[in-house]
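Inspection log for the structure reproduced underneath, given as structure tokens.
The values are calculated or read from the model by the stated rules, or taken from the named source; none is laboratory data. Here the structure is a predicted model, which means the values were calculated and not measured. Cβ placement follows ideal geometry from the backbone for every residue including glycine, while neighbour counts extend to all protein chains displayed.
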Amino acid sequence: MLEGVSGKTQLYGLIGSPVGHSGSPAMYNYGFEQLGIDAVYLAFDVQIDEVEQAIQSVRTFNMPGGNVTMPCKGEAAKYMDELSPAAQMVGAINTFQNKDGKLTGHITDGIGFVDNLKANNVDPKGKKFIVLGTGGAATAIQVQLAIEEAATIDIFNIKDDFFVKGEETVERIKKFYPDLAVAIHDLGDAELLKQKIAEADVLVNGTTVGMGEGSTRTPISDTSMLHEKLVVADAVYNPPVTQLIKDAREKGCDTVTGEGMLLGQGKAAFEIFTGQPLPTKEK
């Protein structure tokens, strides 16, 4: 790749911290190479208080696009010229596009999740969803489900500081989709959770519960709530098969694991800032 770097090579990049573990440079540089795009993608370790300066550098260097990771997603949104509808509802971005000096911020986490559902023959349109969590991934999923015309979205979270964030997300979604039945509930209300799961088509874990190789933690400890007509999807991708997914399969549920979401959001971001599909290596 370095042999082809010239005075015309364009720079794309990832900002956030830490970024040393990120697979984005390898994924996107492979895409550039396969498509013959004269560009390189690098990762830049940027703290929240450095985001404004970093975005100014994007403008100065005329970078065509790039990505934003934690903890900078919300802060970076403040310095965009325009936000996609999804990014407005989420209040954060993970992708930016620079077109003729105008920066547009996007959020592709939800797109990746929905594309993963569809790849597993689950169309969100008209379906009743339960989404556990109100963090970044869960919020992006909730917003994308609204865009995809889900019938209902019931959000469950423990009564902590993030519960307020969930209430704000519900209000933002309702501004764009006033007729959508979207609400947030206390995860501690086991009876209500059981009732909603019984009525639901799809249960989504948007929390980090179950993350980490060998973890046996699950957001649904009472597996009697799971029923065979329910699709269970997990945003956690490490381990590839979480305890929740194992429990759901034992109950006869169709399941969707998190690895596809990770790849899907990356593919969506690449297409936004290059206009071309991301080539992927065959396993």
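Return the total of residues in the range 178-229 being in contact with a Gly (Cβ under 6 Å, 6 or more places away or on another chain), crowded, with 19+ Cβ neighbours inside 10 Å, under 23 Å from residue 123 (Cα atoms) and not hydrophobic (A, V, I, L, M, F, W, C).
2
Given the criteria more than 18 Å from residue 141 (Cα to Cα), exposed (fewer than 13 other Cβ atoms within 10 Å of the Cβ) and not aromatic (Phe, Trp, Tyr), does residue 171 qualify?
No; evaluated as a whole, the condition is false for this residue.
Just checking, which of 40, 5, 51, 58 is of a type in the set (A, V, I, L, M, F, W, C) and touching a Cys at 6+ places or on another chain (Cβ under 6 Å)? Working first, answer last.
Numbers: 40 fails: touching a Cys at 6+ places or on another chain (Cβ under 6 Å); 5 fails: touching a Cys at 6+ places or on another chain (Cβ under 6 Å); 58 fails: touching a Cys at 6+ places or on another chain (Cβ under 6 Å).
Criteria check complete, one pass: 51.
Hey, could you check the range 78-92 for residues that are hydrophobic (A, V, I, L, M, F, W, C) and at pLDDT 95 or above and say which is farthest from the chain's Cα centre (by Cα)?
Taking the range 78-92 and keeping what is hydrophobic (A, V, I, L, M, F, W, C), we get 80, 83, 86-87, 89-90, 92.
Within this subset, residues satisfying the condition of being at pLDDT 95 or above are 80, 83.
Details: 80: 19, 83: 16 Å.
My answer is 80.
What are the residues in the range 230-256 that are small (Gly, Ala, Ser) and surrounded by 20 or more Cβ atoms within 10 Å (Cβ to Cβ), if any? Give the steps one after another, and end with the answer.
Filtering the range 230-256 for residues small (Gly, Ala, Ser) gives 233, 235, 248, 252.
Residues satisfying the conditions are 233, 235, 248.
Got a sec? Which of 115, 109 is of a type in the set (Asp, Glu) and crowded, with 20+ Cβ neighbours inside 10 Å?
Testing whether each residue is of a type in the set (Asp, Glu) and crowded, with 20+ Cβ neighbours inside 10 Å leaves just 109.
Would you pick out the residues in the range 13-31 that are hydrophobic (A, V, I, L, M, F, W, C) and either in contact (Cβ under 8 Å) with a residue 40 or more places away in the chain or more than 16 Å from residue 66 (Cβ to Cβ) (or both)? Quick ask: steps written out before the conclusion?
To start, the set of residues in the range 13-31 that are hydrophobic (A, V, I, L, M, F, W, C) comprises 14-15, 19, 26-27.
The answer is 14, 15, 19, 27.
Taking only pairs six or more apart or across chains, which ones have beta-carbon atoms under 6 Å, a first residue in the range 258-280 that is of a type in the set (Asp, Glu), and a second residue that is surrounded by fewer than 17 Cβ atoms within 10 Å (Cβ to Cβ) and part of a helix (DSSP H, G or I)?
From residues that are of a type in the set (Asp, Glu), there are no pairs.
Going through 36, 31, 13, 23 one at a time, which residue ends up being within 18 Å of the chain's Cα centre (by Cα) and either under 22 Å from residue 268 (Cα atoms) or surrounded by 14 or more Cβ atoms within 10 Å (Cβ to Cβ) (or both)?
23
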